[in-house]
Amino acid sequence: MNLVNRGFIQVKPKEKLVAWAAEKNSDLLLHADAEATIYLIEEDFWDDDVVLKKYSKKIAQQEFDALGFGQALWPETFQIEDFEAWFACELGCTCIDLLKEPLLKETI
């Protein structure tokens, strides 16, 4: 096992995102119990609100893109308050890699 020098933000959709996505694409199978996405961030942070503000637009972009919604379909203004209404987040600072194989990275 190895301790990885990263913190994390775990992101899941909230009901507001689920309803909006269903309105845009009724064939999309998204629900509030969907699997979370983990975003690795700096290991040491003290204020969750500051971290969420720093990364909210990047995370929202990735989440919308993963659902197949290009930027033209996004809400016109998307601020941190919107982010917190659309996404459930948990932050932590301990990441442990249980595997012996090296981590692989792919640019997205």
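The values are calculated or read from the model by the stated rules, or taken from the named source; none is laboratory data. Here the structure is a predicted model, which means the values were calculated and not measured. Note that each Cβ is placed from the backbone with ideal geometry, even for glycine, and that neighbours are counted across all protein chains shown.
Of all the criteria given as (1) closer than 24 Å to Glu106 by Cβ; (2) free of Cβ contacts under 8 Å to residues at least 40 places away in the same chain; (3) exposed (fewer than 14 other Cβ atoms within 10 Å of the Cβ); (4) over 13 Å from the mean Cα position of the chain (by Cα), the one not satisfied by Ala66 is (4). All conditions in (1) exposed (fewer than 13 other Cβ atoms within 10 Å of the Cβ); (2) over 20 Å from Glu81 (Cβ atoms); (3) of a type in the set (Val, Ile, Thr) hold for Val50, with the sole exception of (2).
With respect to the conditions (1) surrounded by 14 or more Cβ atoms within 10 Å (Cβ to Cβ); (2) at pLDDT 85 or above; (3) touching a strand residue (DSSP E or B) at 6+ places or on another chain (Cβ under 8 Å), Glu42 lacks only one, and its number is (1). Screening region 69-108 for residues that are over 15 Å from the mean Cα position of the chain (by Cα) and of a type in the set (Gly, Ala, Ser) and picking the one that is surrounded by the fewest Cβ atoms within 10 Å (Cβ to Cβ) gives Ala72. So the check is Cβ under 8 Å with 6+ separation or different chains; which pairs have a first residue in region 85-108 that's under 14 Å from Tyr39 (Cα atoms) and charged (D, E, K, R) and a second one that's surrounded by 10 or more Cβ atoms within 10 Å (Cβ to Cβ) and at pLDDT 90 or above? Final answer for the pair search is Glu90/Ile9; Glu90/Gln10.
Among the residues making up region 19-39, those that are modelled with pLDDT under 90, among the aliphatic types (A, V, I, L, M) and under 14 Å from the mean Cα position of the chain (by Cα) are Ala32, Ala34.
Scanning region 9-36 for residues that are surrounded by fewer than 16 Cβ atoms within 10 Å (Cβ to Cβ) and in a strand (DSSP E or B) gives a single hit, Gln10.
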